[in-house]
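The structure under discussion appears below in the form of structure tokens.
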Amino acid sequence: MAAPLLAQSPSHLDNIRQLTFGGQNAESYWAPDGKRLIFQSTRDKLECDQIFIMNADGSDQHMVSTGKGRTTCGYFLADNKHILYASTHEASDACPPAADRSKGYLWAVYPGYDIYLASDDGKIEKKLASAPRYDAEATVNWKTGKIVYTSMASGDIDLWTMNSDGSAKKQITKMEGYDGGAVFSRDGKHLVWRANHPATPETDKKYRELLAENLTSPMKMELFLADGDGKHARQITDYGCASFAPTFTPDGRKILFSSNKHDCDGRKFELYMINLDGSGLEQVTNFGGFTAFPEISPDGTKLVFASDKDAKQRYEFNIFTADWK
């Protein structure tokens, strides 16, 4: 049963500033010093996403991935000098084909995705994860150095952790279904992620059929919370919609996330905030379109997010920052 919705709180955001203009820009995350942002973008002559870095004011936007294949999920390491991201460039120079939407709105889990460690100027130094199928969606806890990522190394889509050099890989979720998009609390004591666990033989059959085609359906995702090692996992939302892109507030007491809980069958996503037990639901944005991928700056004063707010063209998404109060 959905938690009661408290009043919308536009007072959380002030001085909203648009940093990118045109194209499809998303998944922007802070550098440890708060001076830069890493993000993925399809722009100009690019046919699919590549990884970019820019200053926190939007200046000096430049590509740091190879320009080949498709990339996703860039993130800074704690030294402020290295990044990681997933890429298909070793599988093919070309962009892999988009997901077949004839079966509905689906995400592709490309088997060519591997996770790479690179310097912040783009020089690849090491492949961190290269299971035979999907490896992507990595984020880093700067305090512990642990990386959490999504992998099909087990044959299912599960969460794994590893050290920043790629060692000590460990599977931490084992329930049937999709588990991904995980992030640590800043102290490393908790993990939050999105999940779609089939509840019936029929939904499990559909999940497995799609997975055999390297596809998954994201339209029924709930949020899960666990200890930092994956233990004591529990579901904290039950909206029957698509909730994803969770992140912790700096004190670790609340979770910001994106959801279409007021438009379950549609594409209107807003930012919400809840307590760790799923209570105290609060709406943070009301832009009327798609808004997602929130992350609060290291010093706790700024929020970065992606949105089609004020878009000039269909399917245009841009990166915004705002003062976080």
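Within the chain, what percent of beta bridges assigned by DSSP are antiparallel, to the nearest 5?
95
What list of ³J(HN,Hα) couplings, whole Hz, do you get for the stretch 275-280 from phi and the Karplus terms 6.51, -1.76, 1.60, once you set θ to phi - 60° and write x for glycine and proline?
Per residue, the Karplus-derived 3J(HN,Hα) values read 6, 5, 8, x, 7, x Hz.
Antiparallel versus total DSSP beta bridges in the stretch 214-325: what percent is that, nearest 5? Mind showing how you got there, number by number?
Working: 24 of 26 bridges.
Antiparallel: roughly 90 percent of the beta bridges in the stretch 214-325.
Ordered by residue, what ³J(HN,Hα) values in Hz, to whole numbers, does the stretch 133-149 give under the Karplus form 6.51 cos²θ - 1.76 cosθ + 1.60, where θ = phi - 60° and Gly and Pro are x?
Result, ordered by residue: 10, 4, 9, 6, 6, 8, 9, 10, 8, 5, 6, 9, x, 6, 10, 10, 8 Hz.
Among SER167, SER102, SER59, which one shows the biggest mean-square fluctuation in a GNM of the chain, springs joining Cα atoms closer than 10 Å?
Maximum fluctuation in the GNM of the chain, among the listed residues, is at SER102.
Could you run the Karplus curve 6.51 cos²θ - 1.76 cosθ + 1.60 with θ = phi - 60° over the stretch 19-26 and give me ³J(HN,Hα) per residue in whole Hz, x for Gly and Pro?
Result, rounded to whole Hz: 9, 10, 9, x, x, 10, 10, 7.
Please sort by residue number the chymotrypsin sites (Phe, Trp or Tyr not before Pro) in the stretch 238-322 whose DSSP state is loop and whose Cβ has at most 16 other Cβ atoms within 10 Å.
Sparse-neighbourhood loop chymotrypsin sites (Phe, Trp or Tyr not before Pro): TYR315.
Please build a GNM for the chain, connecting alpha carbons under 10 Å apart, and tell me which residue among ARG133, ARG234, ARG186 fluctuates the most.
ARG234
For LYS261, give me every one of the aspartates and glutamates with a C-alpha distance below 14 angstrom, ignoring sequence neighbours fewer than eight places off in its own chain.
Within the straight-line cut-off, LYS261 pairs with GLU222, ASP238, GLU270, GLU282.
Counting only residues 5 or more places away or on other chains, whose amide H sits under 5 Å from the amide H of LEU128 once H atoms are built in the peptide plane?
Correct list: ILE115, TYR116, LEU117.
Only one of the values [x] 35, 23, 17; [y] 31, 25, 18; [z] 25, 24, 21 was calculated from this structure for semi-axes √(5λ) of the Cα gyration tensor in Å; name its label.
The listed entry that was calculated here is [z].
Expressed in nm to one decimal, what extension gain is obtained for the pair THR200 and HIS232 from 0.36 nm per residue of sequence separation less their Cα-Cα distance? Walk me through the numbers before you get to the answer.
Details: separation 32, 0.36 × 32 = 11.52 nm, distance 2.32 nm.
Full extension of this stretch gives 9.2 nm more.
From the helices alone, meaning DSSP H stretches of at least four residues, give me the mean residue ellipticity at 222 nm for the chain, per-run term -39500 (n - 2.57), in deg cm²/dmol to the nearest 500.
After summing the helix terms and dividing by residue count, I get -1000 deg cm²/dmol.
Taking a 20 Å limit on the Cα-Cα distance, which of the listed pairs LYS143/LYS189; LYS35/LYS189; LYS103/LYS205; LYS254/LYS302 fall beyond it?
LYS35/LYS189
Each reported figure results from applying straightforward, stated rules to the coordinates on display, with no laboratory input. The shown structure was predicted, so the numbers you read here are calculated from the model rather than taken from an experiment. Note: ideal-geometry Cβ built from the backbone for every residue, glycine included; neighbour counts use all protein chains shown.
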